[in-house]
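**Q** Can you keep this structure in mind? I'll have questions shortly.
The values are calculated or read from the model by the stated rules, or taken from the named source; none is laboratory data. Just so it is clear, the model here is predicted, and its values are computed rather than measured. Backbone-built Cβ (ideal geometry, glycine too); neighbour counts: all protein chains shown.
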Amino acid sequence: MARRHDLVGLTVLALLTVRAAHPYELHRFIVDTHKDYITGLPRSLYHAVERLAKDELIVPAGTDRAGRRPERTVYEITEEGRKELATRLRRLLEVPDVDRRAFVAAVSLIGCLPMDEARQALRGRAATIEGAVTGMQAHMRAMADSGLPEILMLEVEFEHALQTAELDWIRKLLDRLDERQLDWESTVEL
């Protein structure tokens, strides 16, 4: 049903958990909050709304008219949409992907999950990255021991640095969550 990650659809579902809205309000909020992982606005937003409505993850809740502007359809998320949002977010938080925008999107919308589910997904991601970092370290040692020139190992070093930085950030975030340093219950007005 879903495209590779469908970050636009994911964001629409998340924003509609705050309150029902029409696509223009969603577009304005995405732009105002610099959800830069979303590309192709506004066309991609309207296509995502159509797909989500077709899949019955969102439904029209009525229409809205401001002044002389045209009538706009207001959408709300369905219970199935909430389940789909949680499933997609957990997967994006837990499973590392070469497309780092997916993780940026998931972190941006992490508050849509209960804190314990977010923690569990982040711990799973950390464990996967720890394994990858350990594997890269062994690979770099083996490459160095083979006499391979260092210049040919730069991309592995770079990926190792990125993975190590992400792992460090996730561990710090988990500490903040464990110490209740983030206000998980606050909501954002569209």
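**Q** I'm checking my understanding of the structure. Among residues of the range 141-163 that are assigned to a helix (DSSP H, G or I) and of a type outside the set (A, V, I, L, M, F, W, C), which one is modelled with the lowest pLDDT?
**A** Step by step, filter the range 141-163, then rank; the result is Glu150.
**Q** Would a scan of the range 73-93 turn up a residue that is free of Cβ contacts under 8 Å to residues at least 60 places away in the same chain, hydrophobic (A, V, I, L, M, F, W, C) and closer than 30 Å to Gln120 by Cα?
**A** Yes, that holds for at least one residue.
**Q** Among the listed residues Val74, Val133, Val104, which satisfies the condition of being surrounded by 13 or more Cβ atoms within 10 Å (Cβ to Cβ) and not in a helix (DSSP H, G or I)?
**A** So the residue among Val74, Val133, Val104 that is surrounded by 13 or more Cβ atoms within 10 Å (Cβ to Cβ) and not in a helix (DSSP H, G or I) is Val74.
**Q** Search the range 36-71 for residues being of a type in the set (D, E, K, R) and in a loop (DSSP other than H, G, I, E, B), and hand back the single one that is nearest to the chain's Cα centre (by Cα).
**A** Ranking the qualifying residues of the range 36-71, first place goes to Asp36.
**Q** Can you find a residue in the range 82-103 that is within 30 Å of Gly131 (Cα to Cα), of a type in the set (Gly, Ala, Ser) and touching a His at 6+ places or on another chain (Cβ under 6 Å)?
**A** yes
**Q** Here's a follow-up. What are the residue pairs meeting all of these: first residue in the range 118-137, first residue under 11 Å from Arg91 (Cα atoms), second residue charged (D, E, K, R), Cβ atoms under 7 Å, and 6 or more apart or on different chains?
**A** Ala121/Arg90; Ala121/Glu94; Gly124/Glu94; Arg125/Glu94
**Q** Continuing with the same structure: So which residues in the range 173-190 are farther than 25 Å from Thr11 by Cβ and modelled with pLDDT of 95 or more, if there are any at all?
**A** Asp175
**Q** Kindly indicate whether any position in the range 172-187 is touching a residue at least 24 places away in the same chain (Cβ under 8 Å), over 22 Å from Cys112 (Cβ atoms) and surrounded by 10 or more Cβ atoms within 10 Å (Cβ to Cβ).
**A** no
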